[in-house]
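See structure below.
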Amino acid sequence: MGKIKVKRKSTLIDMTAMSDVTVLLLTFFMLTSTFLQKEPTQVITPPSVSTTKVEISNVAKVLVGTNEAKDKVRVFLNITGEADPNIPEDNPGAYSSENMRANALRMAAAEYESLTGHNPGITDKDVQVFSKIGTFGVPMMKMHEFLSMSQTEQDKFVGDMENDMAGIPLANYIPDKNGTYKGKDEKISEFQIWMRVLQNSGNPALTEAMRLDGSGIAVKADRSTPFNKVNEVLESLRTIKLNKFTVETALIDENAK
């Protein structure tokens, strides 16, 4: 008896529909994701069981780096405004991140000049470039030169922890030989100038978050950074009566074995 031959069927599968779905999903996730911004120094945050999320809008993020060789704290800032730039309705975009950064630089430069008598030479072009920068950290008198650099040069400049010009000065400075300010009887660091400017930025959401519950200030430091170094930053905030802030940590499962 002859063998029965089974008719072969085509195994071709039309993947067109699945390809379309895959592309749609990728597009969706790309448009709805929040991308991590570049930071001058790599920071591994300490573990914590806290589930409170750090705000992604209306927040001043303070990155604390250290130069172990010189035992010096490096402070960097990231300013974020409203997530939705179309509010408030009467002034669309007034509190967007770009506008917040631009106004912050103008105000900080003006206050710096008022306190020290030194003009940092910030131009309109500097303001425009600064408005698009994420994390920054240079002395005010170095800001014009920094903003004139290419993106690659800027990253290299602030990323070098051995560079004495990297980071916003945290220590109180003395602008003249008498140790006094022009028309002022106070001492304030450049870092405190920036924080005070943000506190009085005119953005009601940011002002409320900084003054009331501390959600407007997020401090981020490496888990290996000694507490006394981080505390230098915290004390600078307390000195200008910003007593509440959040600290970024890495979430761990307290029930994990």
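Across segment 154-163, in residue order, what do the Karplus-derived ³J(HN,Hα) couplings come to in whole Hz, using 6.51 cos²θ - 1.76 cosθ + 1.60 with θ = phi - 60° and x for Gly and Pro?
Here the 3J(HN,Hα) series is 5, 4, 5, 5, 7, x, 8, 5, 7, 7 Hz.
Treating only the Cβ atoms of Lys and Arg (+1) and Asp and Glu (-1) as charged, compute the dipole magnitude of segment 46-251 about its Cα centre; round to the nearest 20 debye. Don't jump to the answer; show the numbers that get you there.
Working: 23 positive and 28 negative charges, 95 e Å.
Using Cβ point charges on Lys, Arg, Asp and Glu, segment 46-251 gives about 460 debye.
For segment 46-251, what is the percent of antiparallel DSSP beta bridges, rounded to the nearest 5? Don't skip to the end; give the middle numbers.
On the way: 12 of 22 bridges.
Bridges in segment 46-251 are about 55 percent antiparallel.
What distance in nm separates the two pseudo spin-label positions at residue 44 and residue 16, each 7 Å out from Cα along the beta-carbon direction?
That separation, rounded to one decimal, is 5.1 nm.
Are there GluC sites (Glu not before Pro) in segment 188-257 that DSSP puts in a loop and that have at most 10 other Cβ atoms within 10 Å, and which ones? Could you put the intermediate results ahead of the total?
Details: sites: 190, 208, 232, 235, 248, 254; in loops: 248, 254.
Qualifying residues, ordered by number: 254.
What does the charge add up to near residue 216, with Lys and Arg as +1, Asp and Glu as -1, over the other residues with Cβ less than 11 Å from its Cβ? Intermediate results must be reported in sequence, preceding the final value.
Values: positive: 61, 211, 244; negative: 55, 208, 213.
Overall, the nearby charge balance is 0.
Is segment 46-251 rounded, prolate or oblate when judged by the Cα gyration tensor, a ≥ b ≥ c being the square roots of its eigenvalues, rounded requiring a/c under 1.5 and prolate requiring a/b larger than b/c?
Numbers: a/c = 1.30, a/b = 1.05, b/c = 1.24.
The shape class here is rounded.
Whole-Hz ³J(HN,Hα) for each residue in segment 137-151, computed from phi via Karplus 6.51 cos²θ - 1.76 cosθ + 1.60 with θ = phi - 60°, x for glycine and proline: what do you get?
After applying 6.51 cos²θ - 1.76 cosθ + 1.60, I find x, 9, x, 4, 6, 9, 5, 4, 5, 4, 6, 7, 7, 6, 4 Hz.
Return the FRET efficiency for the residue pair residue 52, residue 114: r is the Cβ-Cβ distance, R0 is 45 Å, and the value is rounded to the nearest 0.05. Intermediate values should be presented prior to the final figure.
Details: r = 37 Å, r/R0 = 0.83.
Once the sixth-power term is evaluated, E becomes 0.75.
Sort 73-79, 129-135, 22-28, 104-110 for me by packing, meaning the mean count of neighbouring Cβ atoms within 10 Å per residue, highest on top.
On the way: 73-79: 22.6, 129-135: 17.4, 22-28: 10.1, 104-110: 20.1.
Per-residue mean Cβ counts within 10 Å order the peptides as 73-79, 104-110, 129-135, 22-28.
Readers should treat all values here as calculations from the given coordinates under stated rules, not as data from a laboratory. These numbers come from a predicted model, not from an experiment. Ideal geometry is used to build each Cβ from the backbone, glycine not excepted, and the neighbour counts take in all protein chains shown.
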